[in-house]
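Visitor: Take a look at this one; I'll ask things after.
Throughout, read-outs are computed from the coordinates displayed, never taken from laboratory work. Just so we're clear, the structure is a prediction, and the values are computed from it rather than from any experiment. Every residue, glycine as well, gets a Cβ built from its backbone with ideal geometry; the counts of neighbours run over all protein chains shown.
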């Protein structure tokens, strides 16, 4: 790779051992990609906590987050002291909600370790937003802004809907970018790679959040890591709908960028979306494809008695919290079922103020922040059957948590929470 | 025994040999593998329940969440990583995963490795020179 003087200086260790290792990792990574150079970034989203059991053990054994960061962020088995980050860096989702860790079934020792990890992140200057949806709480990159983000659902949103430029980074590359302000200039940072590859003729009138989940889930599975162009969308979807669509497409496949003709910023026309080129393939999303995606998402579920209703993957917007409150008001969650709703900490503040938290609490549900069941392996004790309105969560719950998982509308989920029974069906 | 040679581009250097495990389906890291055992756990995956530990993993590429590299990073530390990677589609997930796994990896082949290599074949991966040598299983 071609390095600038400041990159060479970091690689030579002139800015200390941590930045030296960060630069070394980035060079190995850039060469693996086949990148020719780096691009500067001042917008990084990463997770550097100790949420997984293996990483937790390392933190426990060494008693040091410098050690965790050295190994899992810098790929360095010797422990170096981690300095303050160089690029503005935001923390993604964490391993628990510090206000609800006991009900989440987390051990005290894990909670204590988590608080140490928070202290470490603070020390090195990481913004503790603790959400998979940084764009809901103030990190809204400008069109063309070069970023280094983890979290596939956030990457696809920022690339596609906001026109920011990034690839789906991992923990190591994201953390190295935070220390150096550099990321390989490759993939979706470059104009030509942002063009559409597959045309999707959307024949079904996609409206609800469920439909946007199904569209994303179907298209992701079909195009894998390519760039689909959705054509035929007649009404402009809300942020929440696109949040779910992208998250689903990045789960069934590896989609990091898509276009919606006439709606997203780099697709004012079909021609612009494809850069004047012909699509590699054309597919359609009609009634049959919608049905197929629905059946795939529900293929793990058999028993209708629901133990756990999970809402907020990706973290709920305030609009979604409000919608749920309207459905829940004056009702009561079944005594055999738990209702957990996840939103960013900053939005919880608004939910508290607007009385939404009270409505949810009075109904017997819990509004949680900072974490997510599949990431942190947290769920109500004894859960076997879950229900969710998220294609992404429904995709991962069976494999990660071993749960039978129902997928449907938000209303289906609330009815399941109240009655304890899944009655959802595709209409 | 007839040997088949493929030429590609080095992703991560090194030279090893081992038994091939081939899939035509992309692989999910986070939520798709158990890194402690080195086993595929993704539902509806053709390799579900199979172990890639110590194998030469031949696959189209990576998909899913950004925790791909971390899962395979943990697999290396747990001694459950594949021995080498042979794949077609370059993405940041698989590039970073290969880097932190510290195993030889090659991509951009002159022939599709998924069409040439079969599970059980003996494969020598010389990533420094971008050469894969395949010996058919008996």
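Visitor: May I ask what percent, to the nearest 5, of DSSP beta bridges between residues of region A:5-189 are antiparallel? Intermediate results must be reported in sequence, preceding the final value.
Guide: Values: 3 of 11 bridges.
Of all bridge pairs located within region A:5-189, approximately 25 percent are antiparallel.
Visitor: Still on this structure: Can you compute the label reach from residue A:381? Point 7 Å from Cα along the Cβ direction, backbone N cut-off under 15 Å, restricted to region A:75-107.
Guide: Flagged as within label range: A:101-107.
Visitor: Test of understanding: in a Gaussian network model of chain A with alpha carbons linked when under 10 Å, which of A:343, A:62, A:405 would top the mean-square fluctuation ranking?
Guide: Residue with maximal mean-square fluctuation among A:343, A:62, A:405: A:62.
Visitor: Counting other beta carbons within 10 Å of each Cβ, put A:132, A:325 in order, fewest first.
Guide: On the way: A:132 28, A:325 21.
Ranked by crowding around the Cβ, least crowded first: A:325, A:132.
Visitor: Given the Cα-Cα distance of residue A:271 and residue A:319 and 0.36 nm per residue of separation, how much length would full extension add, in nm? Display every interim value, and only then the final one.
Guide: Values: separation 48, 0.36 × 48 = 17.28 nm, distance 3.38 nm.
Stretched fully, the residue A:271-residue A:319 segment lengthens by 13.9 nm.
Visitor: Moving to a separate point now. For chain A, what does the alpha-carbon gyration tensor say about shape, rounded, prolate or oblate, given a ≥ b ≥ c as the root eigenvalues, a/c under 1.5 as rounded, and a/b over b/c as prolate? Could the numbers behind the result be given before it?
Guide: Working: a/c = 2.04, a/b = 1.18, b/c = 1.73.
It comes out oblate by the Cα gyration axes.
Visitor: What's the exposure ranking of A:160, A:173, going from fewest to most Cβ atoms within 10 Å? Display every interim value, and only then the final one.
Guide: Numbers: A:160 29, A:173 33.
Fewest-to-most Cβ neighbours within 10 Å comes out as A:160, A:173.
Visitor: Right, another one. Please give the length that would be gained between residue A:239 and residue A:329 if that part of the chain were fully extended, namely 0.36 nm times their separation in residues minus their C-alpha to C-alpha distance (nm, one decimal).
Guide: Details: separation 90, 0.36 × 90 = 32.40 nm, distance 2.42 nm.
This chain segment gains 30.0 nm when fully extended.
Visitor: Give the calculated FRET efficiency between residue A:64 and residue B:19 to the nearest 0.05, with a Förster radius of 45 Å applied to their Cβ-Cβ distance.
Guide: 0.70
Visitor: Would you work out the relative contact order for region A:189-237, in percent, from Cα pairs under 8 angstrom that are 6 or more residues apart? The partial results should precede the final answer.
Guide: Working: 40 pairs, mean separation 27.9, N = 49.
Result for region A:189-237 is 57 percent.
Visitor: Please arrange B:69, A:317 by counting, for each residue, the other beta carbons lying within 10 Å of its beta carbon, fewest first. Write down the numbers at each step before the final one.
Guide: Details: B:69 31, A:317 21.
With the fewest neighbours first, B:69, A:317 line up as A:317, B:69.
Visitor: Let me ask something else. Taking only Cα atoms and a 10 Å spring cutoff, compute GNM fluctuations for chain A and point out the largest among A:291, A:353, A:224.
Guide: Looking only at A:291, A:353, A:224, the largest GNM fluctuation is found for A:353.
Visitor: Just checking the output field for A:64-73: average partner chain Cβ neighbours within 10 Å of each residue's Cβ?
Guide: Numbers: counts 0, 0, 0, 0, 0, 0, 0, 4, 6, 1.
Averaged over the peptide's residues, the number is 1.
Visitor: How would you rank A:213-220, A:371-378, highest first, on the average number of other Cβ atoms within 10 Å across their residues? If you can, show how the numbers build up before the last one.
Guide: Numbers: A:213-220: 29.8, A:371-378: 24.1.
With the highest mean Cβ count within 10 Å placed first, the list reads A:213-220, A:371-378.
Visitor: On to the next question. Using a Gaussian network model of chain B whose springs link C-alpha atoms within less than 10 Å, name the residue from B:93, B:24, B:55 with the highest mean-square fluctuation.
Guide: Maximum fluctuation in the GNM of chain B, among the listed residues, is at B:24.
Visitor: Can you tell me which of B:41-49, A:25-33 comes out highest on packing, and rank the rest after it, using the mean Cβ neighbours within 10 Å? The partial results should precede the final answer.
Guide: Values: B:41-49: 16.1, A:25-33: 23.8.
Highest-to-lowest ranking by the protection proxy: A:25-33, B:41-49.
Visitor: Using R₀ = 25 Å, calculate the FRET efficiency as 1/(1 + (r/R₀)^6) where r is the Cβ-Cβ separation of residue A:425 and residue A:284; round to 0.05.
Guide: Numbers: r = 23 Å, r/R0 = 0.93.
The pair residue A:425/residue A:284 has a calculated efficiency of 0.60.
Visitor: Can you pull the mean other chain C-beta count within 10 Å for peptide A:143-152? The partial results should precede the final answer.
Guide: Values: counts 0, 0, 0, 0, 0, 1, 1, 6, 3, 8.
Partner Cβ neighbours, averaged per residue: 2.
Visitor: Residue by residue through B:76-88, how many Cβ atoms from other chains fall within 10 Å of the Cβ on average?
Guide: 1
Visitor: When only Cα pairs under 8 Å and 6 or more residues apart are kept, what is the percent relative contact order across chain A?
Guide: Working: 951 pairs, mean separation 68.7, N = 427.
Result for chain A is 16 percent.
Visitor: Between residue A:116 and residue A:349, what is the FRET efficiency for a Förster distance of 30 Å, r being their Cβ-Cβ separation, to the nearest 0.05?
Guide: It comes to 0.75.
Visitor: I would also like to ask the following. Shape verdict for region A:5-189, please, from the Cα gyration tensor: rounded (a/c under 1.5), prolate (a/b greater than b/c) or oblate. Don't skip to the answer; put the middle values down first.
Guide: Details: a/c = 2.13, a/b = 1.23, b/c = 1.72.
It is oblate, given that a/c is not under 1.5 and a/b is not larger than b/c.
Visitor: Where both residues lie in chain A, what percent of DSSP beta bridges are antiparallel, nearest 5? Intermediate results must be reported in sequence, preceding the final value.
Guide: Details: 4 of 37 bridges.
Percentage antiparallel, nearest 5: 10.
Visitor: From the Cα gyration tensor of chain B, with a ≥ b ≥ c the square roots of its eigenvalues, which class applies: rounded if a/c is under 1.5, or else prolate if a/b is larger than b/c, or else oblate?
Guide: Values: a/c = 1.62, a/b = 1.40, b/c = 1.16.
Cα axes put chain B in the prolate bin.
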